[in-house]
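Structure, as structure tokens:
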Amino acid sequence: MLRALAVIWLIWGLNWVIMKTANNYFPPILFVTWRFATGALILAAFACWKKIPPPEKKFLPWIFLTGLLMIVLNNIAAQIGMKTISAGMAAVLNYTAPLWTAILAHFTLNERLTKIKCVGIFLAIVGLYVLMGLQGVDDLHAAFIIILGAMVMGVANIIVKLKLTKCNMVQLTTWQMIFGAIILVAFSSTFPQGEINWCVPAVLCVIYNGALASALAFFLWNYVLTHIEASSASIATLVAPIVGVLGGVVILGEPFTVQIVLGIILIFAGILIVVKKRR
């Protein structure tokens with residue numbers, strides 16, 4: 001389980017650097033469309049190669065719903081919000097998903113939202129805010145959209161736990177991404193998003209996001225989510241922004257500050273408080 005989480009942290013963390021680069025070549029929503037369309041094609045090819053059949057009909061409505069929520073709405077909300085607020089603040093707001101997951105899990109999955117868990121979640125989110133070195137939000141409308149996207153992600157996590165734990169993980173991830181990609185392609189075709197500047201870096205961004213950040217990482221995320229508490233799995237994803245910031249320091253030459261160290265400490269403290277087993 002820890003190895004699966006470590007791969008998710010590495011892929012999604014370093015993807016911050018990749019997505020910063022991709023913004024130079026793609027309109028935001030169009031890049032999301034190419035990302036998940038590529039991921040869907042890769043997973044569909046893998047399923048055909050392994051002769052994995054489509055999921056049972058009883059799972060399909062829930063797979064479609066989680067694909068709509070997790071793949072489409074969450075990512076579109078983040079991309080729309082980033083038009084008027086910084087990518088760092090968008091990340092902080094989007095990573096409130098563990099809070100909404102924990103609240104929903106308390107009422108639907110019998111995962112008790114204890115006082116100590118609340119403290120851990122609060123510490124981790126404050127740590128994320130400190131890590132990003134942020135001051136405030138200028139566009140409250142955009143912030144609200146991103147928070148709604150985070151809530152949607154929380155709902156999707158709960159649906160996976162309630163309805164899809166017995167579904168084959170390859171089937172689940174493949175058809176989530178197929179449904180999500182179909183919706184995104186239809187949206188992008190109906191509402192033109194602008195021009196793409198195709199070049200080698202642009203192609204590499206799509207390959208990384210399609211193969212790793214989408215196909216592989218979402219498969220691993222579904223696996224983790226179906227095997228441990230939803231609140232614990234969700235809060236553990238906050239390690240990814242740490243990897244992203246450290247990747248910016250190493251790859252982009254961004255400064256390594258005391259504020260980054262403090263943010264990392266707070267995030268890890270919050271995660272440990274939430275996932276630590278208690279009698």
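What follows draws every value from the coordinates through simple rules; no lab data is involved. As the structure is a prediction and not an experimental result, all values here were calculated from the model. Please note: Cβ atoms are built from the backbone with ideal geometry, for glycine as well, and neighbour counts cover all protein chains shown.
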Among Asn94, Asn157, Asn110, residue whose mean-square fluctuation peaks in a GNM of the chain (springs only between Cα atoms under 10 Å): Asn110
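Listing Met153, Met169 from the residue with the fewest other Cβ atoms within 10 Å to the one with the most, what is the order?
On the way: Met153 26, Met169 18.
Ranking Met153, Met169 by Cβ neighbours within 10 Å, fewest first, gives Met169, Met153.
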Integer Hz, Karplus 6.51/-1.76/1.60 couplings in order for the range 114-130, x for Gly and Pro: 6, 4, 5, 5, 4, 4, x, 5, 4, 4, 5, 5, 4, x, 5, 4, 5
Value of Rg/Rh across the chain [Cα atoms, Kirkwood radius]: 0.95
Residues Glu229, Glu56 arranged by fewest to most Cβ contacts within 10 Å: Glu56, Glu229
Ser234, Ser214, Ser189 arranged by Cβ crowding within 10 Å, fewest neighbours leading: Ser189, Ser234, Ser214
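Using a Förster distance of 30 Å, how high is the FRET efficiency between Cys199 and Val261, based on the Cβ-Cβ distance and rounded to 0.05?
0.25
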Residues Lys276 and Phe46, FRET efficiency given R0 of 30 Å [Cβ-Cβ distance, rounded to 0.05]: 0.25
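Percent relative contact order of the chain, based on C-alpha pairs within less than 8 angstrom and at least six residues apart?
Numbers: 408 pairs, mean separation 115.4, N = 279.
Relative contact order of the chain: 41 percent.
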Over 20 Å between alpha carbons, listed pairs Lys166/Lys276; Lys115/Lys163; Lys117/Lys276; Lys50/Lys161; Lys117/Lys163; Lys115/Lys161: Lys166/Lys276; Lys115/Lys163; Lys50/Lys161; Lys117/Lys163; Lys115/Lys161
Listed residues Gly247, Gly39, Gly210, most fluctuating in the chain (Gaussian network, C-alpha, under 10 Å): Gly247
Per residue Cα convex hull volume in Å³ - calculated over the range 1-135: 160 Å³
At R0 = 22 Å, FRET efficiency that the Cβ-Cβ distance of Ile207 and Asn23 yields, to 0.05: 0.85
Between the range 46-66 and the range 69-100, the Cα center-to-center distance that results, in Å: 27 Å
